[in-house]
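The structure under discussion appears below in the form of structure tokens.
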Amino acid sequence: MIRVKRPTILLNPGPVVLTERVRQALMREDLCHREPEFAALCLEVKSRLLRAYPAAEGRFEALLLTGSGTAAVEAMLASLVPRDGKALVVSNGVYGERMADMVRAHGKALSQVRSEWLAPMDLEEVERRLSADPAVTHVACIQSETTTGRLNDVAHLGALCRRHGRPLLLDAVSSFGVEELDFERWNLEAVAATANKCLHGAPGISFVLASRAALARGGGHAPSVYLDLARYHAVQESGFSPFTQAVHVIRALREALAELEDEGGVAARRARYRALAGRIRRAARDLGLASLVPEAELGATLSSFRLPPDTGYAELHDGLKEAGFVIYAGQGALAATMFRIANMGDVHEDDVDRLFTALGRLVRR
Ligand SMILES: *Cc1c(COP(=O)(O)O)cnc(C)c1O
């Protein structure tokens, strides 16, 4: 008898398990990126991205880039922080540190407010620097810091930015499509994200939602050609693109966005993610696994746990892979003590239950 192997369920924070509907969209006929059909596709995707957060419609423009989430974050920082500007980067994990690395690599002035990876953003220090340093032109931070799963208090930081008249640049790579984004109150100038995390598209396309006012100030800031949002904006208003785009992946993103709308939009997806994350966190508690950060401070997309005392990560990972699940290691200094479980993509409650049946066997052994 031939046994059909169940597909491996990815519980890493992207790339995610695609739905069949999105996967089929990758298989349609080939399309030239200089043809009107491609422009129509991009215009639809751009308007669907804005429609996901209706408060962005009208004031913001979506720009599509072929590249991973890092490309969108880097394009945002490269293009919107002026050459003679200064970015205040608030970091409490790998991705915040990466933002600071980018600003340094671009040769722009940087002020970094850095916290321990298990700690919240240091908003008191941010407030001090905003008061004391008029050279700061932009503030940048991560919404869902994937290092730990912490949902940073962007509402509080955004209010500070608004009070001090500094625009906020937000990495929402692992939260766009699920968590709330308040474009008005958070003083947002741009948000960077990707197709293949909470939107359930395929890897290869990322995007920046940038304020029209910021784009109208024009280009000349990016120490890069490929990552210069001004170049994209000039051509993408008509749906075209300055460089070859990942055409098939954009089609899959169109389908993923249609699926998100059919599902009830961002609020419905947030409810679904919260239910899944809650199920994961309850089951972990029942197994005696400790959450790395207080549960109330986590977002809806990812959970992080301390490794059980007698089980190394490799043992856990390999045992779960054998059972059909891919989990995610910790990064940096946290790698030896933790593991992560994301609930992005086409993942369901019965997957979580099967995961914890397998995990229970490994932990008790
Ligand atoms: C995944 C992630 C990134 C980087 O995305 P890539 O697609 O791996 O380039 C950036 N920021 C956050 C918060 C992420 O979770």
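Brief remarks follow.
- Listed here are the helices (runs of 4 or more DSSP H) enclosed by the range 182-281 that have at least 1 residues being in contact (Cβ under 8 Å) with a residue 60 or more places away in the chain, closer than 30 Å to residue 299 by Cα and open to solvent by 30 Å² or more (accessible area, probe 1.4 Å): 212-216, 247-263.
- When the residues of the range 125-157 are filtered to those that are over 22 Å from residue 302 (Cα atoms) and touching a Ser or Thr at 6+ places or on another chain (Cβ under 9 Å), the one that is least open to solvent (accessible area, probe 1.4 Å) is 136.
- For the range 330-365, a tally of residues being closer than 24 Å to residue 177 by Cα and open to solvent by 60 Å² or more (accessible area, probe 1.4 Å) returns 3.
- Residues that are polar (S, T, N, Q), farther than 14 Å from residue 192 by Cβ and within 12 Å of the ligand (Cβ to nearest atom) within the range 86-145 comprise 91, 92, listed in sequence order.
- Residues being basic (Lys, Arg) and surrounded by fewer than 19 Cβ atoms within 10 Å (Cβ to Cβ) - total across the range 99-109: 1
- Residue check, residue 14 part of a loop (DSSP other than H, G, I, E, B) and open to solvent by less than 20 Å² (accessible area, probe 1.4 Å): yes
- In the range 104-131, the residues that are under 17 Å from residue 84 (Cβ atoms) reach residues that are part of a helix (DSSP H, G or I) and open to solvent by 60 Å² or more (accessible area, probe 1.4 Å) with C-beta atoms within less than 9 angstrom, at least six apart or across chains, in these pairs: 110/104; 111/129.
Every residue, every condition in (1) within 16 Å of the ligand (Cβ to nearest atom); (2) closer than 27 Å to residue 252 by Cα; (3) under 12 Å from the mean Cα position of the chain (by Cα), yes or no:
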site	(1), (2), (3)
151	yes, no, yes
177	yes, yes, yes
186	no, no, no
197	yes, yes, yes
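- Some residue of the range 35-51 being part of a loop (DSSP other than H, G, I, E, B), touching a Pro at 6+ places or on another chain (Cβ under 8 Å) and either β-branched (Val, Ile, Thr) or open to solvent by 20 Å² or more (accessible area, probe 1.4 Å) (or both): no
- Extreme residue, surrounded by the most Cβ atoms within 10 Å (Cβ to Cβ), among residues of the range 54-90 that are in a loop (DSSP other than H, G, I, E, B) and more than 15 Å from the chain's Cα centre (by Cα): 81
The values are calculated or read from the model by the stated rules, or taken from the named source; none is laboratory data. Since the model is a prediction, treat every value here as computed from it, not as a measurement. As a convention, Cβ positions derive from the backbone with ideal geometry for all residues, glycine included, and neighbour counts pool all protein chains shown. Each accessible area value is taken on the protein alone, full model and side chains, heavy atoms only, with ligands, DNA and RNA left out. Shrake-Rupley method; radii C 1.70, N 1.55, O 1.52, S 1.80 Å.
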